[in-house]
Amino acid sequence: MSAPAGPDERLADPPRGAAPRFRSARRVPAALTALVVLGGAGLFLYDLAAVRAQRPGMRWRRELARLLERHAPADTGVVIAGAVLVLAGAALLFLALAPGLRSVLPLRSPGPPRPAGGPPEVRAGIGRKAAALVLRDRAMEVSGVRSARVTVARSHVTVRAASHFRELDDVRADLEAVLAVGLAELGLAHEPQPRVRVGPAGKG
């Protein structure tokens with residue numbers, strides 16, 4: 001029988017669970033895409049029904065057919081147009097599969113992943129601007145820092161500070177220590193790497 005956990009063990013950081021990025025619902029792009037596809041399908045269906053009913057097809061389709069008759073697949077213009085369409089399709093496919101919501105950083109899960117059939121997992125995130133404000137407030141508490149700018153990305157955090165009376169190396173060391181504590185307290189699922197730059201006040 002194991003002994004009860006002590007105070008230090010109970011206050012320890014929770015294990016890092018899987019915390020995937022938040023995904024955008026993309027309701028408006030999906031609705032617009034569905035409307036475009038529905039309109040195009042309806043247009044082609046109407047043209048097909050008109051041809052089957054012994055009526056002339058739409059003018060744009062006849063012009064397109066004549067244009068395709070004058071150009072072979074190996075023509076430079078056809079190859080360039082095909083390459084542009086392939087690149088556009090690849091870009092749209094990438095955007096559709098990408099999670100989106102790049103401005104929201106996921107936080108660590110408070111525990112192990114939920115079992116199958118269990119209650120829904122509680123997920124939390126923080127905006128990049130909010131995280132930057134928190135870290136900037138921490139940076140401004142360092143002695144000698146006159147101004148600071150913080151930029152938070154998914155893989156790194158950049159701090160640009162100006163010092164006006166202490167040695168720059170000492171200020172940089174204190175900023176790195178404060179930034180490490182601040183990042184740990186934020187509890188980001190994927191902790192970014194800090195980048196600290198310190199210069200004299202009035203010179204950036």
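Confirm whether H190 is loosely packed, with under 15 Cβ neighbours inside 10 Å, closer than 25 Å to F22 by Cα and out of contact with any Lys or Arg (no Cβ under 6 Å at 6 or more places or on another chain). So H190 passes the test. Across segment 136-179, the number of residues qualifying as assigned to a strand (DSSP E or B), over 21 Å from L105 (Cβ atoms) and of a type outside the set (D, E, K, R) comes to 5. Contact map, segment 161-183: residues that are polar (S, T, N, Q) paired with residues that are not in a helix (DSSP H, G or I), Cβ distance under 9 Å, separation 6+ or inter-chain. Pairs shown: S163/V142; S163/G144; S163/V145; S163/R146; S163/V198; S163/G199; S163/P200; S163/A201.
Readers should treat all values here as calculations from the given coordinates under stated rules, not as data from a laboratory. Since the model is a prediction, treat every value here as computed from it, not as a measurement. Positions of Cβ are generated from backbone atoms using ideal geometry, with glycine treated the same way; all protein chains shown enter the neighbour counts.
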